Amino acid sequence: MERIDVRNLKEYVNREIISYYLVSEKELREGAKDFFLRLKLTDKTGNVAANVWNNAKSESEKFQEGDVIKVKAQVILYKNQVQLTLQQVRIAESVEFDLADILPVSKKDVNELAEILFNYIDNVSDSYIRALLKHFYEDKEFFRIFATSPAAKSWHHNFITGLLEHTISVARICEFTSAMYPLNKDILIAGALLHDIGKVYEYNQKTNIDFTDVGRLIGHLAIGDQMISEAAATINQFPPVTLMKIRHLILSHHGEYEKASVRLPQTLEAVVLHFADNLDAQTTGVMQLIEGASPDADWSEFDRMNERYYFLR
């Protein structure tokens, strides 16, 4: 079956299509007269909103988030945004689609990102911190998983290689700030390169990105702290104060208890890392929302996380 990329749907406005997409979000909502089904459908080129207006409850039972579905749909414009009105839906058979068409991937070259990461490690002057970083990233199997992992389920860098891309961006911001403020650069860069390391075990990526059991129950801050503590224990005479400072960066980088931070940032490096992480996450999340908008749209789709639209014109 010929598949139609999300980015090309605007060429089919007011036409009927048959294609297949990943169900990345699914929500049964109650309308004024009856229930309707609101979906976010995804492929490697982007996301599109879709609705099922008729028999929404029974149609909802046919598939779940993470399924690849074959759809017959009308392509429409709503507030200058491309949407799909689904007329027929079923789960696609595995032989009907290529997974490489479904999973979104970083636009950046993974080898270039890897080279940048290892350059950061090589430029760390503290031999203990450098050994800690090499413990993880010179492990070929671990790095393979890390380099293909997403950084989030839905908001930012939620694609293959997203975790590596986000990590490099945070490191670059931290490198810039270290030239402006009296920061321990080695500690800060270590925090940047390790702050989300637990996400390799927090998310389970098959056809969609979702939390693992340990991801839901423990979370990547605590997972990362354990990984770093165990790694440091294998390095002879690793300085306890250095380890404590790095662990604090991991446990505090979400910045607020309301955002699942284990501790509040209580060192200058921890404050900088929190804002660097948040800057890249929020900026990239908004960029992804803007890039997913129709070229003729004046406003983006609604940003449910930050409760706002973004002006595009």
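The values are calculated or read from the model by the stated rules, or taken from the named source; none is laboratory data. Since we're looking at a predicted model, the values are computed, not measured. Virtual Cβ from ideal backbone geometry, glycine too; neighbours counted across all protein chains shown. Accessible surface is based on the protein model in full, side chains and every heavy atom, while ligands, DNA and RNA are left aside. Shrake-Rupley method; radii C 1.70, N 1.55, O 1.52, S 1.80 Å.
How much net charge surrounds GLU59 when only the other residues with a Cβ under 11 Å from the Cβ of GLU59 are counted, with Lys and Arg +1 and Asp and Glu -1?
+3
Evaluate the relative contact order of region 48-176 (contact order divided by residue number), counting alpha-carbon pairs under 8 angstrom at least 6 apart; express in whole percent.
Across region 48-176, relative contact order equals 18 percent.
If each residue of separation counts as 0.36 nm, what is the full-extension length gain between ARG313 and ASP122 once their alpha-carbon separation is subtracted?
64.4 nm
When the convex hull of the Cα atoms of region 135-281 is projected onto a plane and the area is averaged over all directions, what value comes out in nm²?
Approximately 8.5 nm², given one-decimal rounding.
Pulled fully out, how much extra length does the chain show between GLN237 and ARG15, if you take 0.36 nm times their separation in residues and subtract their Cα-Cα distance?
73.1 nm
Sort PHE146, PHE97 from largest to smallest accessible area, using a 1.4 Å probe on the heavy atoms of the protein chains.
PHE97, PHE146
What is the sum of charges around VAL170, taking Lys and Arg as +1, Asp and Glu as -1, for the other residues whose C-beta is under 11 Å from the C-beta of VAL170?
-4
Once percent of Cα pairs over 31 Å apart is worked out from the coordinates, which option in [x] 33; [y] 37; [z] 30 does it equal?
Only one listed value fits the structure, namely [y].
If each DSSP helix of 4+ residues adds -39,500 (n - 2.57) and the sum is divided by the residues in the chain, what number results at 222 nm, nearest 500 deg cm²/dmol?
-12500 deg cm²/dmol
Which one of SER127, LEU39, ASN80 has its Cα pushed farthest toward the positive end of the charge dipole of region 36-157, where Lys and Arg give +1 and Asp and Glu give -1 at the Cβ?
Projecting each Cα onto the dipole axis, the largest value belongs to ASN80.
Taking H placed 1.01 Å from N in the peptide plane, check which residues at least 5 places from VAL105 or on another chain put their amide H under 5 Å from its amide H.
Close amide H contacts, sequence-distant or interchain: ILE160.
Can you give the relative contact order of region 153-291 as a percent, counting alpha carbon pairs under 8 Å and 6+ residues apart?
Value for region 153-291: 27 percent.
Using amide H atoms built in the peptide plane, which far-off residues or other-chain residues are under 5 Å from GLU25 H to H?
Here LYS40 satisfy the definition.
Could you please state how large a percent of the accessible area of region 49-170 is carbon and sulfur, counting protein chains only and using a 1.4 Å probe?
48 percent
For region 240-305, which trypsin sites (Lys or Arg not before Pro) are in a loop by DSSP, counting at most 10 other Cβ atoms within 10 Å?
Hits after loop and neighbour filter: ARG304.
For ASP67, what accessible area in Å² do you get when you roll a 1.4 Å probe over the heavy atoms of the protein chains, rounding to the nearest 10?
40 Å²
Translational diffusion coefficient, Stokes-Einstein: compute it for region 220-313 using the Kirkwood radius over C-alpha pairs as Rh, at 20 °C and 1.002 mPa s, and state it as an integer in µm² s⁻¹.
The calculation lands on 137 µm²/s.
Past the 28 Å Cα-Cα mark, which pairs from LYS10/LYS33; LYS185/LYS259; LYS199/LYS245?
LYS10/LYS33
Before I look further, what does region 104-173 give for accessible area per residue, probe 1.4 Å, in whole square angstrom?
On a per-residue basis, region 104-173 sits at 45 Å².
What translational diffusion coefficient, in µm²/s and rounded to a whole number, does the Stokes-Einstein relation yield for region 117-189 at 4 °C and a viscosity of 1.567 mPa s, taking the hydrodynamic radius as the Kirkwood radius over Cα pairs?
98 µm²/s
Where in region 30-109 are there trypsin sites (Lys or Arg not before Pro) that are in a DSSP coil and have at most 13 other Cβ atoms within 10 angstrom of their Cβ?
LYS33, LYS62, LYS79, LYS107
Any chance you could look up the accessible area of LEU289 with a 1.4 Å probe, heavy atoms only, rounded to 10 Å²?
40 Å²
Under a 5 Å amide H to amide H cut-off, with H placed in plane at 1.01 Å, what residues pair with SER149 once short-range neighbours are removed?
THR161, LEU163, LEU164
Set the Förster distance to 45 Å, then compute FRET efficiency between PHE302 and SER58 from the Cβ-Cβ distance, nearest 0.05.
0.95
Within region 1-49, report the GluC sites (Glu not before Pro) that DSSP leaves as loop and that have at most 12 other Cβ atoms within 10 Å.
GLU2
Based on alpha-carbon centroids, what's the gap between region 43-102 and region 156-177 in Å, whole number please?
Cα centres, region 43-102 to region 156-177: 31 Å.
Whole-Hz ³J(HN,Hα) for each residue in region 244-258, computed from phi via Karplus 6.51 cos²θ - 1.76 cosθ + 1.60 with θ = phi - 60°, x for glycine and proline: what do you get?
Along region 244-258, the couplings run 4, 5, 5, 4, 4, 4, 5, 7, 10, 6, 6, x, 9, 4, 5 Hz.
Please state the relative contact order of region 105-217 as a whole percent: Cα pairs under 8 Å, 6+ residues apart?
26 percent
Excluding ligands and nucleic acids, what accessible area in Å² is computed for THR177 using a 1.4 Å probe, to the nearest 10?
Using a 1.4 Å probe on the heavy atoms, I get roughly 20 Å².
Calculate one ³J(HN,Hα) per residue across region 112-124 by plugging θ = phi - 60° into the Karplus curve 6.51 cos²θ - 1.76 cosθ + 1.60, and present them in order as whole Hz with x for glycine and proline.
For region 112-124, the Karplus curve yields 5, 4, 4, 4, 5, 4, 5, 5, 4, 4, 5, 8, 6 Hz.
In nm, to one decimal, how far is the modelled label at TYR181 from the one at SER94, with both set 7 Å along Cα→Cβ?
If labels sit at TYR181 and SER94, their model points lie 5.0 nm apart.
With Kirkwood's inverse mean 1/r over C-alpha pairs for Rh, give me the Rg to Rh ratio of region 1-111, two decimals please.
0.97
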